[in-house]
Amino acid sequence: MRTLEVSSRPVIRAREVGKAFSSRGQTVQVLENLNLDIRQGEFLSLLGPSGCGKSTFLYIVGGLVPLSSGELLMENVPIRGPSRDRGIVFQEPALFPWLSVADNVAFGLKLHVAGRRGLAGITASVRELLQLVGLEGFERFRPDELSGGMKQRVSIAACLATDPKVLLMGEPFGALDAQTRGVMQRELLRLHETSGRTTLFVTHDIREAILLSDRVAVMSARPGTVKEIIDIELPRPRWRHRQEDNPDFLRLERFFDELLEHDIRKVMTCAPT
Ligand SMILES: Nc1ncnc2c1ncn2[C@@H]1O[C@H](COP(=O)(O)OP(=O)(O)OP(=O)(O)O)[C@@H](O)[C@H]1O
Ligand SMILES: [Mg+2]
């Protein structure tokens, strides 16, 4: 069973969140009346059709995009901008190409903790983090000498370096081939099941959402809102077993398929505004 328990205490609380973008003389209502609690220690996935506002919501939680209406709190304090409490892993690895793997991971640490821990502490933390994501021995490599999956693992290690309370992941495996993606999903499962870090994960992949999550919030087509939240009660640790053959997994997959179909059709037939 998992090491750390999910508590029902929300770390992030979104109430009636709305977001409208205005560009080229048009206003697009992307999110409307979105309500969601992200609980301490849980892995929560946002699943929904393309364009429903999943990434927009993630960026709002990350403090990179302001909301237009409603309320968004982290530990009861309004989110007004980025914070090291909320680490983001994007779809494309965000690395400094001129820095080595070790220096990319150390970058955030140096900004935040150099004064307190000093160089020796940073080197030890970098070693630990690279071990965690399976990249020991690649410390001196530069990003362009790594595969896509390895780069994404460096991004994850760099994000974990500042020890964020909440991990925000925007389709981090979207650009990877199926094989690498499977390996990365299992690595993330292992990481989550041993650290119990609160995670908000964006995906449009039903299987990925079921495999990883404690709960899945399903969004409607634009304007996006959370239309249903489903508990995934598959036993943990999941990374030790192949889940896709489990009848409960297949039942959930069918359920989500049907739940999403209507909104996916809506997206395919609706006008651009
Ligand atoms: N900066 C922006 N300015 C104007 N419109 C934007 C901006 N960012 C996003 N949008 C619009 O918001 C809508 C939702 O985009 P978003 O990227 O959040 O969707 P998504 O659910 O992540 O889709 P996908 O699954 O394809 O990644 C889209 O219609 C998009 O055109
Ligand atoms: Mg997106």
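The values are calculated or read from the model by the stated rules, or taken from the named source; none is laboratory data. Fair warning: this is a prediction, and the values are worked out from it, not measured in the lab. Backbone-built Cβ (ideal geometry, glycine too); neighbour counts: all protein chains shown.
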Residue that is at pLDDT 95 or above, closer than 30 Å to residue 235 by Cβ and either within 16 Å of ligand 2 (Cβ to nearest atom) or part of a loop (DSSP other than H, G, I, E, B) (or both), where the choices are 65, 6, 61: 61
Number of positions in segment 228-252 that are surrounded by 15 or more Cβ atoms within 10 Å (Cβ to Cβ) and outside any loop (DSSP other than H, G, I, E, B): 4
First in segment 247-273 and over 13 Å from residue 232 (Cβ atoms), second anywhere and modelled with pLDDT of 95 or more, Cβ under 6 Å, 6 or more apart: 259/218
Evaluation of residue 63 against (1) in contact (Cβ under 8 Å) with a residue 40 or more places away in the chain; (2) in contact with a Pro (Cβ under 7 Å, 6 or more places away or on another chain); (3) not charged (D, E, K, R) (one fails), failing number: (1)
Cross-chain or 6+ apart pairs with Cβ under 7 Å, segment 25-51 first and away from ligand 2 (no atom under 15 Å from the Cβ), then outside any strand (DSSP E or B) and acidic (Asp, Glu): 41/5; 42/214; 43/214; 44/214
Helices (runs of 4 or more DSSP H) within segment 88-196 that include 2 or more residues not assigned by TED's automatic domain parsing to the domain that holds residue 208: 101-132, 148-161
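Among what's in segment 73-83 and is farther than 15 Å from residue 44 by Cβ and of a type in the set (A, V, I, L, M, F, W, C), pick the residue that is farthest from ligand 2 (Cβ to nearest atom). Explain how you work it out, then say what you get.
So in segment 73-83, the residues farther than 15 Å from residue 44 by Cβ come out as 73, 75-83.
Restricting the remaining residues to those that are of a type in the set (A, V, I, L, M, F, W, C) gives 73, 77, 79.
Details: 73: 23, 77: 26, 79: 19 Å.
So, considering only residues that are farther than 15 Å from residue 44 by Cβ and of a type in the set (A, V, I, L, M, F, W, C), the one farthest from ligand 2 (Cβ to nearest atom) is 77.
Working only within segment 139-161, note down all residues that are surrounded by fewer than 18 Cβ atoms within 10 Å (Cβ to Cβ) and not small (Gly, Ala, Ser). Quick ask: steps written out before the conclusion?
Within segment 139-161, the subset surrounded by fewer than 18 Cβ atoms within 10 Å (Cβ to Cβ) is 139-142, 144-145, 147-148.
Within segment 139-161, 139, 140, 141, 142, 144, 145 qualify.
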Qualifying residue in segment 133-156 (condition: within 23 Å of residue 74 (Cα to Cα) and not charged (D, E, K, R)): yes
Residue within segment 224-232 that is more than 16 Å from residue 42 (Cβ to Cβ), touching a residue at least 40 places away in the same chain (Cβ under 8 Å) and more than 15 Å from ligand 2 (Cβ to nearest atom) present: yes
Residues that are among the aliphatic types (A, V, I, L, M) and within 11 Å of ligand 1 (Cβ to nearest atom), drawn from segment 28-70: 28, 30, 31, 46, 47, 58, 60, 64, 65
